[in-house]
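Shown next, in structure tokens, is the structure this report addresses.
The values are calculated or read from the model by the stated rules, or taken from the named source; none is laboratory data. This structure is a prediction, so every number in the text was calculated from the model and none was measured. Cβ placement follows ideal geometry from the backbone for every residue including glycine, while neighbour counts extend to all protein chains displayed. We work out accessible area using only protein heavy atoms, side chains counted, and drop any ligands, DNA or RNA first. Shrake-Rupley method; radii C 1.70, N 1.55, O 1.52, S 1.80 Å.
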Amino acid sequence: MKGIKGIEGSFLLICFCAFAQINAQKHAGVTSKDWGTANDENVILYTLVNANGMVVKLTNFGGTITSIMVPDKNGVFEDVVLGFDTLEQYTAEHPCFGATIGRVANRIRNGKFTIDGTTYELSKNSDVHCLHGGNEFDRVVWDSKIVANKLGPSIRLQHISADNTMGYPGNLESYVTYTLTDDNAIQVHYEATTDKATHVNMTQHSYFNLNGMKDKIYDHILKIDADKYTEIDEEIIPTGKLSTVKGTDWDLTTPTPIGNNIHKLNFNGYHYNYIFNKPVGELKEVIEVVEPKSGRTLTISTTQPGVQFYSGNAIGDALTGKNNIKYANHMAFCLETQHFPDTPNHENFPSTLLLPGEKYDETTIFHFGVTE
């Protein structure tokens, strides 16, 4: 009888999984709802669902990913990114949870750069420096629409940044397309054109915790295919020197638990720009993350030349997020694929200069899975 019950149980489990799969396929696609207003414009919250039941929620306020629901090794779905339940929380001050960042991600020293002999003074929102383009892209309401995409449900965002916005030259027309594929990947495609020479360096600023925020990130095992990093000063800005990670506490060339060295580092944890071992512009898998308890994995492929790995060092304890979870330092991490910080002021870095007639075109793919 035990054998029969075992067979019956297995049969029921197979039937349940098949039903769940059919149900997920039935509901795959995109839905949208009004989510309030910001800057006197209508804000929309989109829900993308793939054939496996993975769910991504995205709003056109800041081009922000608000939720990513993925299964663990037992098929249990949980949210793996920090964020909030309401638009009002996103419009208040917070550390760019889930946002699309631009025109230029990361720091620009003293908030200035020079193009063809003309020096441009930028918005200084991080002491005397410019951070994340003056927080333009992550605070605006993007034009948005659902678009047809053979890879899966897809949302296309558009924003026109006027000449001299945050001090940047040129009228910049930017597009970001978020696509949820049926192999449980989020593809992010950035595009931009300008009518005047300017700098562009866009990124995605989600804070990941693959255990669903039940613990801090210390057990996550991370590998970055990067032998070098951009050396930084005490203000977390590159000196211009490209240095080896070998022999440092931030060497992640082999799978390393984040908690192993995090408390040895300056800035209360990881805050380094890693230089990928690949040609600039080549789409390649360069990052692997494994969370042992849940079995969830995240791999990242990108055309970008580097990644800012930030271990949530300054999240603080003043924010309460989704599911009434109290956030804290090291609750989640960012893997901001991008060009190097302060690139406009370093001729030896891969260029971020965009000229009229050219097209900025970069892709990053976040692929979720489980350990075998």
Taking the range 260-275 and keeping only residues that are surrounded by fewer than 17 Cβ atoms within 10 Å (Cβ to Cβ) and of a type outside the set (Lys, Arg), one is left with 260, 261, 263, 265, 266, 267, 268
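Run down 291, 285 and say which single residue is touching a Leu at 6+ places or on another chain (Cβ under 8 Å), closer than 30 Å to residue 73 by Cα and among the charged types (D, E, K, R).
Going through 291, 285 in turn, the sole match is 291.
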Checked against (1) assigned to a loop (DSSP other than H, G, I, E, B); (2) under 17 Å from residue 65 (Cβ atoms), residue 183 satisfies every condition except (2)
Filter the range 111-133 for residues that are without any contact (Cβ under 8 Å) to a residue 24 or more places away in the chain and touching a Lys or Arg at 6+ places or on another chain (Cβ under 8 Å); the one that is least open to solvent (accessible area, probe 1.4 Å) is 126
Taking the range 134-173 and the residues there that are open to solvent by less than 50 Å² (accessible area, probe 1.4 Å) and acidic (Asp, Glu), the one that is farthest from residue 32 (Cα to Cα) would be 136
Taking the range 235-271 and keeping only residues that are in a loop (DSSP other than H, G, I, E, B) and closer than 28 Å to residue 125 by Cα, one is left with 235, 236, 237, 250, 265, 269, 270
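Which residue out of 316, 295 is surrounded by fewer than 20 Cβ atoms within 10 Å (Cβ to Cβ) and in contact with an Asp or Glu (Cβ under 8 Å, 6 or more places away or on another chain)?
None of the others qualify; the one that does is 295.
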Residue 215 vs (1) over 30 Å from residue 119 (Cα atoms); (2) open to solvent by less than 50 Å² (accessible area, probe 1.4 Å): all pass except (2)
Going through (1) hydrophobic (A, V, I, L, M, F, W, C); (2) surrounded by fewer than 19 Cβ atoms within 10 Å (Cβ to Cβ); (3) in contact with a Lys or Arg (Cβ under 8 Å, 6 or more places away or on another chain) one by one, residue 45 fails only at (2)
Here the qualifying pairs (Cβ atoms under 8 Å; residues six or more apart or on different chains; first in the range 238-257 and within 18 Å of residue 340 (Cα to Cα); second at pLDDT 95 or above and open to solvent by 70 Å² or more (accessible area, probe 1.4 Å)) come out as 240/348; 242/228; 242/348; 243/228; 244/228; 245/228
Of the listed residues (310, 270), the one being over 17 Å from residue 363 (Cα atoms) and touching a Cys at 6+ places or on another chain (Cβ under 7 Å) is 310
Counting only residues in the range 48-62 that are under 20 Å from residue 90 (Cβ atoms) and without any contact (Cβ under 8 Å) to a residue 40 or more places away in the chain, the one most open to solvent (accessible area, probe 1.4 Å) is identified as 57
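Which residue, of 191, 173, is within 23 Å of residue 100 (Cα to Cα), free of Cβ contacts under 8 Å to residues at least 24 places away in the same chain and not basic (Lys, Arg)?
Step by step, each of 191, 173 is checked, and only 173 is within 23 Å of residue 100 (Cα to Cα), free of Cβ contacts under 8 Å to residues at least 24 places away in the same chain and not basic (Lys, Arg).
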Matching residues in the range 66-75 (out of contact with any helix residue (DSSP H, G or I) (no Cβ under 9 Å at 6 or more places or on another chain) and either in a loop (DSSP other than H, G, I, E, B) or open to solvent by 10 Å² or more (accessible area, probe 1.4 Å) (or both)) number 5
Filter the range 321-338 for residues that are of a type outside the set (S, T, N, Q) and open to solvent by 10 Å² or more (accessible area, probe 1.4 Å); the one that is farthest from residue 219 (Cα to Cα) is 322
Being open to solvent by less than 40 Å² (accessible area, probe 1.4 Å), basic (Lys, Arg), modelled with pLDDT of 95 or more and within 21 Å of residue 202 (Cβ to Cβ) narrows 284, 278 down to just 278
